[in-house]
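See below for the structure under consideration.
The values are calculated or read from the model by the stated rules, or taken from the named source; none is laboratory data. Since we're looking at a predicted model, the values are computed, not measured. When we count neighbours, we look across all protein chains shown, and the Cβ atoms used for this are built from the backbone with ideal geometry, even at glycine.
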Amino acid sequence: MKHMTGAELTIKLLERQNINIIAGIPGGSNLPLYDALSRSTSIRHILTRHEQGAGFIAQGIARTTGEPSVCMATSGPGATNIFTAIADAKLDSIPVICITGQVSRHLIGTDAFQEVDTYGMSMAITKHNFMARSARDLLSIIPRAFRIALSGRPGPVLIDIPKDVQTQVIDIDSLPEPGAPEALPAINRRSMEKAARMINASRRPILYIGGGIIHSNASGSVKELAEKANIPVAMSLNGLCAMPKGHPLSLGMLGMHGAPYTNLAFEECDLIIAAGTRFDDRATGRLAEFCPGAGIIHIDIDPSELNKLKQTHAAVRGDARECLEAMIPFVEKDERAPWHNRIALLKRQHPMTIKDDPDNPYGIIRMIGDIAGDDAIITTDVGKHQMWVAQAYPFKRPRQFLTSGGLGTMGFGLPAAIGAALACPDRKVVCFSGDGSILMNIQEFAVAVEEGTDIKVVLFNNNSLGLVRQQQDLFFGRRYFASEFKTPVDFPAIARGFGLRTFDLAGCNDPLATITEALSYRGPCLIHVPTGLDEDVYPMVPPGAANREMICSKASNY
């Protein structure tokens, strides 16, 4: 029998879950947890400069490895600061365990110092949440939290632990088994056979895949099905890198900033095989006009997504990899030459125009993709640069691309890159950001330097909120308001102040040589890329429009 405090028990149970990195910030209500963590011999703590950074570092670890990760915050402002990163994890189905300190139980509800209703406020942004009422509760709560985060559709779980629960001493005879994911739901073979018959009967099918393919490690199954039946593959933003960019069957990204030929191919398809993806508005455009004449097969681990937005002809609940593997034997080989000839014609008539010169953001992204290699991990913030990267970067492998899809959180990229570098210290990590986004969490430069992470931050600086300004240009009569910064920021000077090495392409005569030197440098650095205010991202489907109504330049539309 052992005597342990609630805080010591928490850390012991996290060690048993094989957690070896925790990002967070201490405060009055979680100091007992930090005191216990200081004595751990297997968990490394990362002291962030903002709690949101801790949540995104945890996401970077989880997205890169596919394993759960942990972040911590104190009560009150600590908890509310971390909520954005937890909401982001909820929408992108990322298994993050967030542990918050809370004021002592007798103070709850009294408006005590740094008290907020963390449990109540977090209900809508987590897959599940807990408040520990006693130290003994932690014996069941912590394993359950990991089980829930990993089972079915992954997601974040929050555990709120009052300070007096952390200090409460209890006797423990034995520790529970670590939390593990539940068994996957059984596959309905009849549904899979029906889906296969629909594929065999179709003449113009498209595979539409999303982040669930990454989560279920189903990229190989997608490739096998696509190649066997010669089915073109389109991806949501979170599905990018599930299919190599250069694969002949890859159509790339669909939707608001997808290739023109990809969106137009969906207009003509007779069957959509949607796997591990939602019918998200950024992908579908005006939902009622998204492939109205096509049959729909929808495969998803989350039953609430089936028939939620689009009525399907075959709804299959199950793990994407298991479902695809069960379906493949029933799918017939088919050359589908007329369909591929039609797509080839669409590509010629409605190409994706990407400039490759080094004075253009696309050219810089392509150059970095060539130099960084297939093993590099890429993160982005949110804005024009995010879409440029999605359109142009040569992704080759699953879990190579980390971006905020569902919530679209500016400030995601830098801390997510730090998390990826901590999880995979031998891989190069490149973060693409914009001047608006980097300012959201620029303080985490200190963490990048302190931890010696090998990350490269490529900063496209147009002194504006670029994508906001582009929408004002297109849809608000060029009334630019609150989208251009009045005071230019010297980002290289700030980065040097944090201890980063900097490389500036302003006035650079040889961008290739400079970028090559920057990427070969071991350690965190900033690559500053001055960018024209009118360097926009096209195509663009106007908000609320159908995908076929995309605007392909300032001077033309379809």
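When Ile142, Ile97 are screened for being farther than 28 Å from Ala417 by Cβ, modelled with pLDDT of 95 or more, hydrophobic (A, V, I, L, M, F, W, C) and surrounded by 24 or more Cβ atoms within 10 Å (Cβ to Cβ), only Ile142 passes. Can you say whether Gly466 is surrounded by fewer than 18 Cβ atoms within 10 Å (Cβ to Cβ) and either on the phi > 0 side of the Ramachandran plot or not hydroxyl-bearing (Ser, Thr, Tyr) (or both), as far as the supplied structure shows? Judged against the criteria, Gly466 is not a match. Selection of segment 341-357 for residues being in contact (Cβ under 8 Å) with a residue 12 or more places away in the chain and either crowded, with 17+ Cβ neighbours inside 10 Å or charged (D, E, K, R) (or both) yields Arg342, Ile343, Leu346, Lys347, His350, Met352. Candidates are the residues of segment 151-169 that are under 28 Å from the mean Cα position of the chain (by Cα) and among the charged types (D, E, K, R); the one that is surrounded by the fewest Cβ atoms within 10 Å (Cβ to Cβ) is Arg153. For segment 312-330, a residue qualifies if it is surrounded by fewer than 20 Cβ atoms within 10 Å (Cβ to Cβ) and under 14 Å from Ala226 (Cα atoms), and the qualifying residues are Glu325, Ile328, Pro329, Phe330. From Pro394, Pro398, grab the single residue that is in contact (Cβ under 8 Å) with a residue 24 or more places away in the chain, surrounded by fewer than 22 Cβ atoms within 10 Å (Cβ to Cβ), in contact with a Cys (Cβ under 8 Å, 6 or more places away or on another chain) and not assigned by TED's automatic domain parsing to the domain that holds Leu254. Answer to the check: Pro398. I need every pair where a residue in segment 111-123 that is outside the structural domain of Pro26 (by TED's automatic domain parsing) has its Cβ under 8 Å from the Cβ of a residue that is charged (D, E, K, R) and in a helix (DSSP H, G or I), sequence separation at least 6 or different chains. Every condition considered, no pair remains.
Okay, residues lined up against (1) among the small types (Gly, Ala, Ser); (2) assigned to a loop (DSSP other than H, G, I, E, B); (3) at positive phi; (4) touching a Pro at 6+ places or on another chain (Cβ under 8 Å):
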| site | (1), (2), (3), (4) |
| --- | --- |
| Lys245 | no, yes, no, yes |
| Gly255 | yes, yes, yes, no |
| Gly258 | yes, yes, no, yes |
| Thr262 | no, no, no, no |
| Glu267 | no, no, no, no |
| Ile272 | no, no, no, yes |
| Ser304 | yes, no, no, no |
| Thr312 | no, yes, no, no |
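The C-beta contact set for segment 170-196 (first residue without any contact (Cβ under 8 Å) to a residue 12 or more places away in the chain, second residue surrounded by 15 or more Cβ atoms within 10 Å (Cβ to Cβ) and in a helix (DSSP H, G or I), distance under 7 angstrom, 6+ apart or interchain) is empty.
Starting from residues that are polar (S, T, N, Q) and buried (at least 16 other Cβ atoms within 10 Å of the Cβ), keep the ones in segment 105-132 and report whichever is farthest from Pro32 (Cα to Cα). Residue satisfying both the conditions and the ranking: Thr126. From the list Ala326, Ala423, Ala376, Ala416, the lone residue that is under 17 Å from the mean Cα position of the chain (by Cα), farther than 21 Å from Leu237 by Cα and touching a residue at least 40 places away in the same chain (Cβ under 8 Å) is Ala423. The residues listed here are Asn188, Asn230; of these, the one that is among the polar types (S, T, N, Q), at positive phi and surrounded by fewer than 22 Cβ atoms within 10 Å (Cβ to Cβ) is Asn230. When Ile296, Ile273 are checked against the criterion of being in contact (Cβ under 8 Å) with a residue 12 or more places away in the chain and either farther than 27 Å from Arg63 by Cα or charged (D, E, K, R) (or both), a single residue qualifies: Ile296. The condition (being touching a residue at least 12 places away in the same chain (Cβ under 8 Å), touching a Lys or Arg at 6+ places or on another chain (Cβ under 6 Å) and within 30 Å of Arg397 (Cα to Cα)) is satisfied by just one residue among Ile57, Ile21, Ile61: Ile21.
Quick grid of which residues meet (1) over 23 Å from Glu305 (Cα atoms); (2) among the small types (Gly, Ala, Ser); (3) assigned by TED's automatic domain parsing to the domain that holds Thr167:
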| position | (1), (2), (3) |
| --- | --- |
| Tyr34 | yes, no, yes |
| Ser40 | yes, yes, yes |
| Ala54 | yes, yes, yes |
| Ile61 | yes, no, yes |
| Thr64 | yes, no, yes |
| Met72 | yes, no, yes |
| Ser75 | yes, yes, yes |
| Gly78 | yes, yes, yes |
| Ala89 | no, yes, yes |
